[in-house]
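Structure first, commentary second.
The values are calculated or read from the model by the stated rules, or taken from the named source; none is laboratory data. Given the structure is predicted, the values throughout are model-derived calculations rather than measurements. Backbone-built Cβ (ideal geometry, glycine too); neighbour counts: all protein chains shown. For accessibility, only protein heavy atoms count, side chains too; no ligands or nucleic acids. Shrake-Rupley method; radii C 1.70, N 1.55, O 1.52, S 1.80 Å.
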Amino acid sequence: MAAVPAVAVIGAGYAGLACAVELARHGIHVTVFERSHALGGRARVVRKDGHEVDNGQHILIGAYTELTRLLRLTGGSPKQLERLPLTLHVPGKLHLKAAPLPAPLHLAVGLLLARGLAWKDRGAMLRMMRWLKKSGFRVPPGMKVEAMLALTNQTPTLRQLVWEPLCVAALNTPVAEACAQVFANVLRDSLGASADASEVLIPRIDLSELFPVAAARYLATRRGRLRTGNAISAIQPGDDGFRLEGDPGSQPWSQVVIATAPYHAGALLASTGACDRLAAQIDALPHEPIATVYLALGAGQSLPEVMIGLAEGPAQWAFDRGRCGGEPGLMACVISAHGAHESLSQDELILAVLAQLERELGRRLPAPQWSQVIVEKRATFACRPGLLRPGIRTPVAGLWLAGDYIDSPYPATLESAVRAGVACAEAVRARADGGRKG
Ligand SMILES: Cc1cc2nc3c(=O)[nH]c(=O)nc-3n(C[C@H](O)[C@H](O)[C@H](O)COP(=O)(O)OP(=O)(O)OC[C@H]3O[C@@H](n4cnc5c(N)ncnc54)[C@H](O)[C@@H]3O)c2cc1C
């Protein structure tokens, strides 16, 4: 009987763990190396002063079909996600909620009943969706979201309350720079698809528990191994397989998947001595930050909806963690992409966001009992037109790349990360099968 090949995955974020789970499901012996002691990478729990929060508030949407499949596979319960119809609620300015009807009526009726939109706003939204549909959601190459909004005559109200916050939330890139094609793809697969696809799914448990911890348990039952606190610093390809610097074992690996963030992949690729161009391409990807401001306002404090839009900045969205399984009165206020807020100190930012919440909710709020700013400086790549995103293949046979930056129609999201991980697992299996047959 042929030996079962052993595969190493570097990185226990959503991409690496998705890849490992898929490999283990098919009987391949997989070991995941993770430099940190926490699982989840850029989507992980952070424990501070007795509070448990995520490194950044995340949302999923119904269109995340691969991630939701893997959540089910690894034993997740639907109760772990708060499922909400698409709702854009900006206090005192806009209330737009998808109706409980099949597509496209869910949006058409939602738009008809929306509060805060004039007829010209409704007309403009339909105009853009019709323009996109007519072209099969293909926009001219190189177009930015800003130009698409101008071309389809979007009103200032729609821009400010709908398109700008949706674009920065989905692509983590402001409309002036964001790639219109990727935004069109997101709209096609969410607003333009079934009613389920546009649903918003908010995790009721922390992001490490949601998938990474469940994936680790799944691996343990399938002879998979997870080595946390174990960084890999170099990859040496050889005739008998790959050796990893930092690996305490002595056996070579038949195949290796680099599932780190893009800014860590370059050095690992370069260490092979055979991937300098690819490493340089990945190192050239631009990045955007995301800051999350947590305000513990105390039990009894809540927002009018689980998730509200904020119109005036610095924060673009606020989430009521107490209404989705978290600490009562804990608000997570999200500031995506670069902006003026970056010149503020953390204390100034907390005060600015608190004042913004008071202004936009139209009431005084108590002083926070606890507050925390978490800034991810390179949260995702900046989703601009013409970006050169690599595929999963590298110039070294048997060495693969997985992660949210891998070329796809979508921006950097949990779903993109998972899809790249699953695609890598398929490629690894195909190569392993070829080797066994040959
Ligand atoms: C604040 C914030 C908010 C976000 N909001 C959303 C959202 O609402 N919805 C959404 O879908 N997406 C969101 N994203 C994007 C999403 O989190 C990422 O796309 C996704 O987590 C990327 O996963 P990954 O596995 O590709 O990479 P990572 O999560 O970066 O995982 C890479 C792992 O590799 C490890 N590693 C690196 N180098 C080594 C080494 N040498 N040896 C061993 N291990 C190594 C790292 O420690 C890390 O655990 C957000 C991101 C951030 C930061």
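Do any residues in the stretch 355-380 that are within 22 Å of A169 (Cβ to Cβ) have Cβ atoms under 9 Å from those of residues that are charged (D, E, K, R) and more than 16 Å from the ligand (Cβ to nearest atom), where the two are at least six apart or on different chains, and which pairs are they?
Close Cβ pairs satisfying both conditions: Q356/E312; R359/E312; E360/K93; E360/E312; Q372/D49; V373/D347.
What do you reckon, is C167 buried (at least 19 other Cβ atoms within 10 Å of the Cβ) and without any contact (Cβ under 8 Å) to a residue 24 or more places away in the chain?
For C167, the condition - buried (at least 19 other Cβ atoms within 10 Å of the Cβ) and without any contact (Cβ under 8 Å) to a residue 24 or more places away in the chain - is met.
Which one of V418, V353, V375 is within 12 Å of the ligand (Cβ to nearest atom), open to solvent by less than 10 Å² (accessible area, probe 1.4 Å) and over 25 Å from V139 (Cβ atoms)?
V418
Quick check: is even one residue across the stretch 75-89 within 15 Å of the ligand (Cβ to nearest atom) and polar (S, T, N, Q)?
no
Could you please tell me which pairs satisfy a Cβ distance under 8 Å, a separation of 6+ or placement on different chains, a first residue in the stretch 100-116 that is on the phi > 0 side of the Ramachandran plot, and a second residue that is modelled with pLDDT of 85 or more?
Note: pairs meeting the criteria are G116/V90; G116/K93; G116/L94; G116/H95; G116/L96; G116/T157; G116/L161.
What is the residue count in the stretch 421-434 for residues that are open to solvent by 20 Å² or more (accessible area, probe 1.4 Å) and out of contact with any strand residue (DSSP E or B) (no Cβ under 8 Å at 6 or more places or on another chain)?
6
Per-residue answers, yes or no, for (1) assigned by TED's automatic domain parsing to the domain that holds I258; (2) surrounded by 20 or more Cβ atoms within 10 Å (Cβ to Cβ); (3) small (G, A, S):
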{"residue": "R277", "(1), (2), (3)": "yes, no, no"}
{"residue": "L295", "(1), (2), (3)": "no, yes, no"}
{"residue": "G309", "(1), (2), (3)": "no, yes, yes"}
{"residue": "G313", "(1), (2), (3)": "no, no, yes"}
{"residue": "F319", "(1), (2), (3)": "no, yes, no"}
{"residue": "M331", "(1), (2), (3)": "no, yes, no"}
{"residue": "I335", "(1), (2), (3)": "no, yes, no"}
{"residue": "A340", "(1), (2), (3)": "no, no, yes"}
{"residue": "L344", "(1), (2), (3)": "no, no, no"}
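Per-residue answers, yes or no, for (1) in contact with a strand residue (DSSP E or B) (Cβ under 8 Å, 6 or more places away or on another chain); (2) assigned to a helix (DSSP H, G or I); (3) outside the structural domain of R321 (by TED's automatic domain parsing); (4) not basic (K, R):
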{"position": "P140", "(1), (2), (3), (4)": "no, no, yes, yes"}
{"position": "A169", "(1), (2), (3), (4)": "yes, yes, yes, yes"}
{"position": "V182", "(1), (2), (3), (4)": "no, yes, yes, yes"}
{"position": "L187", "(1), (2), (3), (4)": "no, yes, yes, yes"}
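Scan the stretch 384-415 for residues that are within 11 Å of the ligand (Cβ to nearest atom) and among the polar types (S, T, N, Q) and jot them down.
Within the stretch 384-415, T413 is the sole residue that qualifies.
Return a yes/no flag: does the stretch 210-226 have any residue that is part of a helix (DSSP H, G or I), assigned by TED's automatic domain parsing to the domain that holds G249, over 29 Å from V306 (Cβ atoms) and out of contact with any helix residue (DSSP H, G or I) (no Cβ under 9 Å at 6 or more places or on another chain).
yes
Given the residues L161, L132, L151, which is the only one that is in contact with a Phe, Trp or Tyr (Cβ under 9 Å, 6 or more places away or on another chain) and not basic (K, R)?
L151
Can you confirm whether E52 is closer than 23 Å to P328 by Cβ and more than 15 Å from the ligand (Cβ to nearest atom)?
So E52 passes the test.
Need pairs with beta-carbon distance below 7 Å; first residue over 15 Å from L268 (Cα atoms) and of a type outside the set (K, R) and within the stretch 236-249, second assigned to a strand (DSSP E or B) and modelled with pLDDT of 95 or more; sequence gap 6+ or separate chains.
Here the result reads G241/W253, each pair linking the stretch 236-249 to a residue that is assigned to a strand (DSSP E or B) and modelled with pLDDT of 95 or more.
Could you please let me know if Q255 is crowded, with 16+ Cβ neighbours inside 10 Å and outside the structural domain of V213 (by TED's automatic domain parsing)?
Here the answer is no, as Q255 does not meet what is asked.
Please state which of the following conditions R122 fails to meet, knowing it meets all the rest: (1) open to solvent by 40 Å² or more (accessible area, probe 1.4 Å); (2) assigned to a helix (DSSP H, G or I).
With (1) open to solvent by 40 Å² or more (accessible area, probe 1.4 Å); (2) assigned to a helix (DSSP H, G or I) applied to R122, the lone miss is (1).
I need the full set of residues from the stretch 215-232 which are surrounded by fewer than 22 Cβ atoms within 10 Å (Cβ to Cβ) and modelled with pLDDT of 95 or more, in order please.
Correct list: R217, Y218, A220, T221, R222, R225, R227, T228, G229, N230, A231.
What do you reckon, is S208 under 17 Å from D54 (Cα atoms) and crowded, with 20+ Cβ neighbours inside 10 Å?
yes
In this structure, does E415 turn out to be charged (D, E, K, R) and either without any contact (Cβ under 8 Å) to a residue 40 or more places away in the chain or part of a strand (DSSP E or B) (or both)?
no
Against the condition out of contact with any Cys (no Cβ under 7 Å at 6 or more places or on another chain) and open to solvent by less than 20 Å² (accessible area, probe 1.4 Å), how does A261 come out, does it pass?
Spelling it out, A261 is indeed out of contact with any Cys (no Cβ under 7 Å at 6 or more places or on another chain) and open to solvent by less than 20 Å² (accessible area, probe 1.4 Å).
For the stretch 17-31, state whether one or more residues are under 15 Å from the mean Cα position of the chain (by Cα) and open to solvent by less than 40 Å² (accessible area, probe 1.4 Å).
yes
Give me a count of the residues in the stretch 189-204 that are hydrophobic (A, V, I, L, M, F, W, C) and in a helix (DSSP H, G or I).
The number of residues fulfilling the criteria is 1.
Keeping to the stretch 187-209, report how many residues are at pLDDT 95 or above and touching a helix residue (DSSP H, G or I) at 6+ places or on another chain (Cβ under 6 Å).
Adding up the residues that qualify gives 4.
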